[in-house]
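The values are calculated or read from the model by the stated rules, or taken from the named source; none is laboratory data. All values derive from a computational prediction rather than experimental measurement. Cβ sites come from the backbone with ideal geometry, for glycine too, and all protein chains shown count toward neighbours. All accessible areas refer to the heavy atoms of the entire protein, side chains included, with ligands and DNA or RNA removed. Shrake-Rupley method; radii C 1.70, N 1.55, O 1.52, S 1.80 Å.
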Amino acid sequence: QRIVLAERELAPTTYQLWTSKGSQADFRPTEIYDISQDGELQEIPENGEFTAAKLSEGPVAVRRLITVGKRVDFTRQLFLNDQFDLVARVLRRLTLGYYQGINRSVYSILKKNPTMGDKLALFSAGHGNLGTAAAPSTSSFSEARRLMRQQTETGGSAKLNIAPAYILTGAGNETAIEQLLTSTADPAGANAGVANIFRNRMQLVVDAELDLDSGPQPYFFAANPALADTIEVAYLNGNEAPMVESQPAFDVLGMRFRVYGDCGVTLLGYKGLVKNAGKEEA
């Protein structure tokens, strides 16, 4: 078990930087609702009654936990002669595979652009979170920020007024976006005196899961998960680490190990996400 717990910090995953974290006590599907009116609290006159906050008419998402795992068998001689820490390396690799599977599931949502409960694609004009296809630039960043700020409360008119906290990209756009986030001058400016307004404004999250095999490379903007629901990763009873169990094999001389974990990846909302499909530079 110590081997598994140590690998959490080594896993080459990025989903944990910007997604929210959930916990569930069992495997029953759980319907998740949203507040369907402005979130502002109303004045209560003396002896007045509270105004009831209403939930959305239907669930905005359904959380489902699944169990994933794999078994590995070692013969008695291989186990006893393990002078190169083969057992530890195999268990380490299976543990990393658990986190990498979650990572792949999270980013596949962004890439596949699924249809949500309102019959609209996650990124769509109807959701107001699809930018004009363009290479990373001050203009495309400005558009994404504007789109996110103008999102409103569910069933209400109050502006959320949230701005992107993270920019998510594959390796294809990494250098261009890194330049936009670190340069003191606007990379597209005619001279060095044009300030780069996006310097250090967002955290860059680079994950090769977002790379496409060919064509324009998309990039995404995500809000602070405490301010807007986007994608949630939930675990059984909050246990993020996979379990490792072992027992002697009965039918042969050897040891049998298994690694498994309980988790679920759920798309909760679209208002804290913006996509730009990207555009190849001429």
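Would the range 184-245 count as rounded, prolate or oblate if I go by the C-alpha gyration tensor, calling it rounded below 1.5 in a/c and otherwise prolate when a/b exceeds b/c, oblate otherwise?
Note, shape of the range 184-245 comes out prolate.
Taking the Cα centre as origin and putting +1 on Lys and Arg beta-carbons and -1 on Asp and Glu beta-carbons, what dipole magnitude results for the chain, to the nearest 20 debye? Can you show the working numbers first?
Working: 28 positive and 32 negative charges, 141 e Å.
Result for the chain is approximately 680 debye, rounded to the nearest 20.
Work out which helices of the chain, taken as complete DSSP H runs, extend at least 15 Å along their axis over the Cα atoms and score a mean Kyte-Doolittle of 0.0 or more, then list them.
Helix filter hits for the chain: 86-112.
Whose amide H sits under 5 Å from the amide H of ASP34, counting only residues 5 or more places off or on another chain, with H placed in the peptide plane?
SER56, VAL60
Per DSSP helix of 4 or more residues, -39500 (n - 2.57); summed, then divided by the residues of the chain. What does that give at 222 nm, rounded to the nearest 500? Present the calculation step by step, with values, prior to reporting the outcome.
Values: 5 runs with 59 residues, N = 282.
Per the formula, -6500 deg cm²/dmol.
In whole Hz and in residue order, list the ³J(HN,Hα) couplings for the range 225-240 that follow from phi through the Karplus curve 6.51 cos²θ - 1.76 cosθ + 1.60, θ = phi - 60°; x for Gly and Pro.
Calculated HN-Hα couplings, in order: x, 6, 9, 8, 6, 10, 10, 10, 10, 10, 10, 5, 6, x, 7, 7 Hz.
(i) 0.99; (ii) 1.23; (iii) 1.12: which one is Cα Rg over 2.2 N^0.38 Å as calculated from this entry?
Matching entry in (i) 0.99; (ii) 1.23; (iii) 1.12: (ii).
Pull up all non-local amide H partners of ASP229: gap of 5 or more, or a different chain, and H-to-H distance under 5 Å with H placed in the peptide plane.
none
How many Å² of accessible area per residue for the range 114-244, probe 1.4 Å?
Numbers: 6100 Å² over 131 residues.
Result: 47 Å² of accessible area for each residue.
Please compute the length gained on full extension between GLU43 and ALA133, using 0.36 nm multiplied by the number of residues separating them and subtracting their Cα-Cα distance.
Numbers: separation 90, 0.36 × 90 = 32.40 nm, distance 4.43 nm.
Full extension from GLU43 to ALA133 adds 28.0 nm.
Calculate the spin-label point distance for GLN77 paired with ARG93, positioning each point 7 Å from the Cα along the beta-carbon direction, and give it in nanometres.
The modelled label-to-label distance comes out at 2.1 nm.
Select from the range 73-170 those trypsin sites (Lys or Arg not before Pro) which occupy a DSSP coil region and have at most 15 other Cβ atoms within 10 Å, ordered by residue number.
Working: sites: ARG76, ARG89, ARG92, ARG93, ARG104, LYS111, LYS112, LYS119, ARG145, ARG146, ARG149, LYS159; in loops: LYS119.
Of the trypsin sites (Lys or Arg not before Pro), the ones in loops of the range 73-170 whose Cβ has at most 15 other Cβ atoms within 10 Å are LYS119.
Only loop residues by DSSP count here, and only those with at most 14 other Cβ atoms within 10 Å; note down the chymotrypsin sites (Phe, Trp or Tyr not before Pro) in the range 65-169 that meet that. The partial results should precede the final answer.
Working: sites: PHE74, PHE79, PHE84, TYR98, TYR99, TYR107, PHE123, PHE141, TYR166; in loops: PHE84, PHE123.
Those satisfying the criteria are PHE84.
Run the accessible area of the chain with a 1.4 Å probe and give the carbon-and-sulfur part as a rounded percent.
Details: 8160 of 16190 Å².
Carbon with sulfur: 50 percent of the solvent-accessible area.
Can you tell me the length gained on complete extension of the stretch LEU212 to ILE66, counting 0.36 nm per residue apart and subtracting the Cα distance?
49.8 nm
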